[in-house]
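To start, the structure under review is shown below, and the notes come after it.
No value in this document is a laboratory result; all are computed from the given coordinates. Every value quoted in this text rests on a predicted model; they were computed, and no experiment measured them. Every residue, glycine as well, gets a Cβ built from its backbone with ideal geometry; the counts of neighbours run over all protein chains shown.
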Amino acid sequence: MTRDDDGALADDALAGKVVVVTGASDGIGRAAVREFARTGATVMMIGRNEAKTAAAASSIMSELGRRTIMWEIADLSRQDAVRDVARRLRSRIPAIDVLVNNAGAVFLERAVTAEGLERTFALNHLQYFTLTLLLLHQLSAAATGGAPARIISVASRAHRNARLDLADLQLAHGFRGWRAYANSKLCNVLFARALADRTNPSRLVSHAMHPGVVSSRFAANNGGRGRLMRRVMDVVAVTPAQGADTIVWLASSNDAIASSGDYWVKRTQTPPSIAARNADTASRLWTESARIAGIDADALIREAGVGLDTSSNA
């Protein structure tokens, strides 16, 4: 992989790669899309608002002079929408080199989706789980000897504040918006580990990362309290491009395929919280997530040929 002296990727560093990014129309998602496209990748953006997503894609392509960005629209807080967009991606893209699970939000008031799922849990964790599992065949198709497909789950240092109750993942009791968010970010780190524990690292690597406190519209959906939270965060916020740097690095660096299931901050493998290192919690969350999503996750891993018993296929 070629890099400039300042650590930036060369313009052709990801040439020929296909990257899928959720939450792609704004913030670090959009910044990552731009960098992926700049460095030669074909990028599939997934956004919730069609006008905003199309405008972001068109703007980036016009700036770069490249026509290598596509998009799909989905409300990823809904499991039916996750399944539908996964089906559309499978029909459009035969192989996916990198999946970036980025879509997420904080909700200070508890609400449930039309499917009866608490929306923080549904958007920030369960859609990571379901979308990843439903795209395993495309990820497996991209894996070649020495070049596994990569799954990058955007988490947060907020996971260190989590108090996760596996018997009440959706906080039906004692809901607090920040606790729900912190719990969901712990779920992201645990998911990255659980997936790594079940898959062959020569075919697939899975990592979680913290982008930093990023200057974006995050939390602004919560009215006055959200705007106040946003002003406080902006005091120490980094730019979206700075927040996206580790995402793009994990998608391209050889260092990122030397292991799987890790947590990264500023391109550095970093120990997550004690709770995030609990293998039993990770396994139990995996089982409960599969039950809630209504999918046989372990069967999907076997069928995609990325399980631990597939080393002969690498």
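Rounded to the nearest 500, what is the chain's calculated 222 nm mean residue ellipticity when only DSSP H runs of at least 4 contribute -39500 (n - 2.57) each, over all residues? List each step's numbers first, then the result.
Details: 10 runs with 126 residues, N = 314.
Value at 222 nm, helices only: -12500 deg cm²/dmol.
Order these peptides, 268-276, 130-138, by their mean beta-carbon neighbour count within 10 angstrom, highest first.
Numbers: 268-276: 14.7, 130-138: 21.9.
Highest mean packing first, the order is 130-138, 268-276.
For segment 1-152, the antiparallel share of DSSP beta bridges with both residues in that region comes to about 15%. Shown in residue order for segment 292-297 are the 3J(HN,Hα) couplings computed by the Karplus curve 6.51 cos²θ - 1.76 cosθ + 1.60 at θ = phi - 60°: 5, 6, x, 10, 8, 4 Hz (x for Gly and Pro).
At 0.36 nm per residue, minus the direct Cα-Cα distance, what do residue 287 and residue 80 gain on full extension? Give it in nm, one decimal, please. Please list the in-between numbers first.
Numbers: separation 207, 0.36 × 207 = 74.52 nm, distance 1.97 nm.
Difference between extended and current length: 72.5 nm.
Sparsely packed loop sites in segment 92-192 (the GluC sites (Glu not before Pro) outside DSSP H, G, I, E and B with at most 16 other Cβ atoms within 10 Å) comprise 109, 115.
For segment 55-98 versus segment 158-214, the inter-centroid distance based on Cα atoms is 24 Å. Each other residue within a Cβ distance under 11 Å of residue 272 adds +1 if Lys or Arg and -1 if Asp or Glu, for a net charge of +4. Magnitude of the charge dipole for the chain, about its Cα centre and with charges confined to Cβ atoms of Lys, Arg (+1) and Asp, Glu (-1), is about 700 debye. What does the extension gain come out to for residue 168 and residue 197, with contour length at 0.36 nm per residue minus their alpha carbon separation? Between residue 168 and residue 197, full extension yields an extra 8.0 nm.
Restricting to the chain, what percent of DSSP beta bridges are antiparallel, rounded to 5? Could the numbers behind the result be given before it?
Numbers: 6 of 33 bridges.
Of those bridges, close to 20 percent are antiparallel.
For residue 52, a cut-off of 17 angstrom between C-alpha atoms picks up these aspartates and glutamates, skipping any fewer than 8 places away in its own chain: 26, 63, 72, 75.
Can you give the convex hull volume of the alpha carbon atoms of the chain per residue, in Å³? Before the final figure, lay out the partial values.
Working: hull volume 39.1 nm³, N = 314.
Considering the Cα atoms of the chain, their hull volume per residue is 125 Å³.
Estimated at 0.36 nm per residue, the fully extended path between residue 309 and residue 258 surpasses their Cα-Cα distance by 16.5 nm. Label-to-label distance for residue 62 and residue 10 is 3.1 nm, based on points extended 7 Å past Cα in the beta-carbon direction. Each label point was placed 7 Å from the Cα along the Cα-to-Cβ direction; for residue 279 and residue 50 their separation is 4.8 nm. How high is the relative contact order of the chain, in percent, counting Cα pairs under 8 Å that sit 6 or more residues apart? Relative contact order of the chain: 18 percent.
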